[in-house]
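See structure below.
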Amino acid sequence: MQDVLTLAQAGGTPPMAGVTLAHYLFVSAAMFALGLVGFLVRRNLIVMFLCTELMFQASGIALIAFARYHMEMSGQTFVIFVLTVAAAEAALALALVVLLFRRRDSLSTEAWQEMRG
């Protein structure tokens, strides 16, 4: 790994030289867009939860791509915090989904529209 970093910093041709920052950002933007569309279109709570996780992962890819592009570790460190928040959100969301399913025997958001205040 040290050889790759030294080669990249020296201006040499690192492995996967044809893959640029734009490629990673395109994949990240596509994943985020899919997650956003899935969250807005679907009405199943579990699918909505999975779409938010997809958006978290897309932001993580973008952060790691920028960190690699600028050759510093701050983006990768921030991704660890994003993953920690995503894990906490996953635990709370799954507990809430189980509770809601036990009360109404449905995971559709239309069954919970009356809860609006």
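The values are calculated or read from the model by the stated rules, or taken from the named source; none is laboratory data. Since the structure is predicted, the reported quantities are computational estimates derived from the model, not experimental observations. Glycine gets a Cβ as well: all are built from the backbone with ideal geometry, and neighbour counts include every protein chain shown.
What to note about this one:
- Scanning the stretch 61-79 for residues that are more than 12 Å from the chain's Cα centre (by Cα) and part of a helix (DSSP H, G or I) turns up A65, F66, A67, R68, Y69, S74, G75, Q76, T77, F78.
- Only one of the listed residues (L96, L100) is crowded, with 16+ Cβ neighbours inside 10 Å and farther than 30 Å from V27 by Cα. That residue is L100.
- Selection count, the stretch 69-98, where residues are over 20 Å from R42 (Cβ atoms) and free of Cβ contacts under 8 Å to residues at least 40 places away in the same chain: 19
- Tally, over the stretch 80-108, of residues that are more than 30 Å from A62 (Cβ to Cβ), of a type in the set (D, E, K, R) and assigned to a helix (DSSP H, G or I): 3
- Test: residue in the stretch 32-43 that is at pLDDT below 85 and either closer than 26 Å to L107 by Cβ or of a type in the set (F, W, Y) (or both): yes
- Unique match (being among the aliphatic types (A, V, I, L, M), touching a His at 6+ places or on another chain (Cβ under 9 Å) and surrounded by 16 or more Cβ atoms within 10 Å (Cβ to Cβ)) among A65, A58: A65
- Restricting the stretch 6-30 to residues that are at pLDDT 90 or above and hydroxyl-bearing (S, T, Y), the residue that is farthest from the chain's Cα centre (by Cα) is Y24.
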